[in-house]
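Worksheet: one structure, shown below.
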Amino acid sequence: MWRVASLGTPADGAGASGAADPPQYVKPFVKRGKNDRNDAQAISEAAARPDMQAVPVKSAEQQAEAMVLSARELLVRQRTQLANAIRGHAAEFGVVTAQGMARLEGLLAAVHSDDAIPQAARDMLAFLAAQVKQLDSQIAQLEQRMQRLHKANPLSRMLAEVPGVGPIGALSLALTVDATRFTSGRHFAAWLGLTPKDRSSGGKQRLGKISKAGNERLRQLLVVGAMAVIRAARPGSRIASAWLLKLLERKPRKLAAVALANKMARIVWAMMTSGEAYRRQPVAG
């Protein structure tokens, strides 16, 4: 949709503030027949709109710092693909186990001890298992590097004080989010896709499922962190607020996790914009 001349240089359509129009916002302005001329005209038309939202253009240093996050995510995805392949191949020979990396070792032991499985199949499953172990080692190395980056980053350490936000989530937020680009915590939560889709019409409010817009990885980290908080939520617990306990009485756990993730996003935005440390809420009795 638009090109970047060099690292750290704003793309076509970027203003003096170092921001560019998101491609999905430019698309409606593209005329029939896609070419560079029509793309440039659409970008110019979209950039001239006073209410058009813009995304910041990152510098080469910012992109380099965030590479460790995408590298770890790639290796985790590859490890999951290998685990699924091992589970699928084993199921073809009648060895079935539940999902999860923790169940993989037991599955491999069952395959190894089953003489009914051809040796060639056992050899290939062992080969795939070796690849999983290699990825485990590489992921552990990246996580050690991320731990060092987390300890060296004051903002990341501050965000990690929020219940449900761990070192990886805090570092991801610190390295990839510019909180000043959002006008409010609600705006930030909507950008993460943690707010419901609005299908209202005719004066009637119709809210659907969450939009799942924005950064999928950040949304996943917040929701997973919220589930961890919910699993440990008990009356009298330090992380169990009265609001959360009442919500769990009325709503399913996963729906409550999304609501809690939304609240966590707003808290994170407030901390990033104000610089204030997290203030723990009173313990619910």
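The values are calculated or read from the model by the stated rules, or taken from the named source; none is laboratory data. None of the values given here were measured: they were computed from a predicted structure. As a convention, Cβ positions derive from the backbone with ideal geometry for all residues, glycine included, and neighbour counts pool all protein chains shown. To get the accessible areas, we keep the full protein, side chains included, count just its heavy atoms, and leave off ligands, DNA and RNA. Shrake-Rupley method; radii C 1.70, N 1.55, O 1.52, S 1.80 Å.
Looking at the stretch 75-88, I want the residues that are surrounded by 17 or more Cβ atoms within 10 Å (Cβ to Cβ) and have a partner that is among the polar types (S, T, N, Q) and modelled with pLDDT under 95 with Cβ atoms under 7 Å, at least 6 apart or on another chain. Which pairs are those?
Pairs that qualify, where the first residue is surrounded by 17 or more Cβ atoms within 10 Å (Cβ to Cβ) and the partner is among the polar types (S, T, N, Q) and modelled with pLDDT under 95, are R87/T97.
Answer yes if at least one residue in the stretch 193-208 is within 14 Å of the chain's Cα centre (by Cα) and within 27 Å of R77 (Cα to Cα), and no otherwise. Before the answer, list the steps.
Here is the first cut: in the stretch 193-208, the residues within 14 Å of the chain's Cα centre (by Cα) are 193-194.
Now restrict to residues that are within 27 Å of R77 (Cα to Cα): 193-194.
Yes, there is a match, as at least one residue in the stretch 193-208 is within 14 Å of the chain's Cα centre (by Cα) and within 27 Å of R77 (Cα to Cα).
Mind telling me which of the residues D178, D123 ends up being open to solvent by 30 Å² or more (accessible area, probe 1.4 Å), over 30 Å from R280 (Cβ atoms) and either within 19 Å of the chain's Cα centre (by Cα) or among the charged types (D, E, K, R) (or both)?
Working: D178 fails: over 30 Å from R280 (Cβ atoms).
Only one candidate passes the filter, namely D123.
Could you pull out the residue among L155, L107, L69, L74 that is touching a Ser or Thr at 6+ places or on another chain (Cβ under 6 Å), modelled with pLDDT of 90 or more and under 21 Å from L222 (Cβ atoms)? So that I can check it myself, show each step before the final result.
Values: L155 fails: touching a Ser or Thr at 6+ places or on another chain (Cβ under 6 Å); L107 fails: under 21 Å from L222 (Cβ atoms); L74 fails: touching a Ser or Thr at 6+ places or on another chain (Cβ under 6 Å).
Of the residues listed, the single one that is touching a Ser or Thr at 6+ places or on another chain (Cβ under 6 Å), modelled with pLDDT of 90 or more and under 21 Å from L222 (Cβ atoms) is L69.
Could you run through the stretch 151-167 and say how many residues are surrounded by fewer than 22 Cβ atoms within 10 Å (Cβ to Cβ) and either polar (S, T, N, Q) or in a helix (DSSP H, G or I) (or both)?
The total comes to 8.
Counting just the residues of the stretch 230-276 that are in contact with a helix residue (DSSP H, G or I) (Cβ under 6 Å, 6 or more places away or on another chain) and of a type in the set (D, E, K, R), which one comes out modelled with the highest pLDDT?
R266
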